[in-house]
Amino acid sequence: MLLLLLACKAPAPEDTAPWEPSWDQPDWDTPGARRWANTGGWYPNDPDELDAEVQALLEAGGGTPQATQSVLVPHARFLSAGAVAGHAYSRVEIPERVILLVPNHGSGAQLAIWDEGPWLVPGHSLQKDDQLTDRLRELLPELENDPVSFSRHPPEMQLPFLQYLNPDVKIAAIAIRDTPSEHFGEGVLDPAFTPQEVDRWGTALSTVLQEFPNTLLLTSTDLTHWEDTETTATQCEALMGYIGTNDVPGLHAYVVTGEISIGGEIPTAIMMSAMGKLGYAEASWSHWGDSFHVNEDPSDVIAYPSLGTWSAQ
């Protein structure tokens, strides 16, 4: 159980203050830079070791990179979800711009946008996309500029792959309060995310994707938490079925009625809505895995998704 908890829940930011790097770290002293907080136990803290591990995960993923409109990836540590993340990222060409849509598991504002400095990963720095960020704030004015909402692991775990696949990529990031114990924000967000609210956000995201060609919508979630392997398989097959066909009402009903412990259903549903509005009836590929390999306890696993939609040619 302890290993699985570490795989999903990051320590408080004040307990993981970034250490001073021994190398010449780009933008380390830039005001507003988002410094890493989860190196070491989550992914290697040495730049060369990090790149080597990312390369190994991508090679094991076995995909052929293609232009992609959206991708869904996990956000646990490499040990737990690296294979599933590698499956996804090995199939994706990272374009010049990425919208990073992630859950916030409990810190800061309920609805937040990153409007600070660059994103740091050992040996690399990824810049904020000012144009994308400004347009998202125009269409979704309820978003707050709140760095605390991005202090945990869901956005950070994407940076090692992004910098490796395209070190020049620029990022616009949104975080939404969403935890495995809540269901579409019930009890956390006021109001909770109904399918109608998801539709409004999906419209905004699809508008931005149309206005900014060559932009990837990168969304992160985990699937079920702390279930036995049989229950996990049943629930994840259902979840991936709804997600893969952009069935937002179906996903909403299944998660809320069944109190399914997915940890990012709101960003996922927004991605689904945006893809539907852009004319995609279903995802191009999907896959999922779980954390059984970490401690080999079939009574207690966390599951992770890999899913993507190729760009229309």
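The values are calculated or read from the model by the stated rules, or taken from the named source; none is laboratory data. Remember, it's a predicted structure, so these values are computed and weren't measured experimentally. Neighbour counts run over all protein chains shown; Cβ positions are idealised from the backbone, glycine included. Note: accessible area is taken over every heavy atom of the protein model, side chains too, but ligands, DNA and RNA are not part of it. Shrake-Rupley method; radii C 1.70, N 1.55, O 1.52, S 1.80 Å.
On the stretch given as segment 57-79, residues that are assigned to a helix (DSSP H, G or I) and more than 17 Å from Val92 (Cβ to Cβ) total 2.
Would segment 264-278 turn up any residue that is more than 19 Å from the chain's Cα centre (by Cα), surrounded by fewer than 18 Cβ atoms within 10 Å (Cβ to Cβ) and in a loop (DSSP other than H, G, I, E, B)? No; the residues of segment 264-278 include none that is more than 19 Å from the chain's Cα centre (by Cα), surrounded by fewer than 18 Cβ atoms within 10 Å (Cβ to Cβ) and in a loop (DSSP other than H, G, I, E, B). Looking at Ser286, is it open to solvent by 50 Å² or more (accessible area, probe 1.4 Å) and assigned to a strand (DSSP E or B)? So Ser286 passes the test. For segment 3-35, a residue qualifies if it is open to solvent by 60 Å² or more (accessible area, probe 1.4 Å), under 24 Å from the mean Cα position of the chain (by Cα) and modelled with pLDDT of 50 or more, and exactly one does: Arg35. Among the residues of segment 190-222, the one identified as closer than 17 Å to Pro180 by Cα and in contact with a Leu (Cβ under 6 Å, 6 or more places away or on another chain) is Thr219.
When Pro298 is tested against (1) under 21 Å from the mean Cα position of the chain (by Cα); (2) surrounded by fewer than 24 Cβ atoms within 10 Å (Cβ to Cβ); (3) farther than 26 Å from Gly106 by Cα, only condition (1) is not met. Taking residues in segment 99-122 that are free of Cβ contacts under 8 Å to residues at least 40 places away in the same chain, and partners anywhere that are assigned to a strand (DSSP E or B) and open to solvent by 10 Å² or more (accessible area, probe 1.4 Å), the pairs with Cβ atoms closer than 9 Å and at least 6 places apart or on different chains are Asp115/Lys128; Asp115/Asn145.
Among the residues of segment 218-243, the one identified as open to solvent by 30 Å² or more (accessible area, probe 1.4 Å), among the hydroxyl-bearing types (Ser, Thr, Tyr) and touching a strand residue (DSSP E or B) at 6+ places or on another chain (Cβ under 7 Å) is Thr229. Remark: Gln196 matches the filter, which requires a residue to be open to solvent by 40 Å² or more (accessible area, probe 1.4 Å) and at pLDDT 95 or above.
Are any residues in segment 36-48 over 16 Å from Gln158 (Cβ atoms) and either at pLDDT 95 or above or of a type in the set (D, E, K, R) (or both), and if so, which ones?
Initially, segment 36-48 is screened for residues over 16 Å from Gln158 (Cβ atoms), giving 40-41, 45-48.
Correct list: Asp46, Pro47, Asp48.
Looking at this structure, is Gly123 farther than 30 Å from Asn295 by Cβ and over 18 Å from the mean Cα position of the chain (by Cα)? Against the criterion (farther than 30 Å from Asn295 by Cβ and over 18 Å from the mean Cα position of the chain (by Cα)), Gly123 qualifies. Under 6 Å between Cβ atoms, at least 6 apart or on separate chains: pull out the pairs that start in segment 22-36 with a residue that is in a loop (DSSP other than H, G, I, E, B) and end on any residue that is open to solvent by 30 Å² or more (accessible area, probe 1.4 Å). Correct list of pairs: Gly32/Glu116; Ala33/Asp27; Arg35/Pro18; Trp36/Pro18. Specify which of the listed residues (Asp134, Asp115, Asp51, Asp129) is open to solvent by less than 10 Å² (accessible area, probe 1.4 Å), more than 17 Å from the chain's Cα centre (by Cα), at pLDDT 95 or above and not basic (Lys, Arg). The conditions single out Asp129.
The residues in segment 213-231 that are charged (D, E, K, R) and under 11 Å from Ile260 (Cβ atoms) can be counted, and the count is 1.
Checking the structure you have, find out if any residue of segment 72-91 is β-branched (Val, Ile, Thr) and farther than 30 Å from Gly187 by Cβ. Taking every residue of segment 72-91 in turn, none turns out to be β-branched (Val, Ile, Thr) and farther than 30 Å from Gly187 by Cβ.
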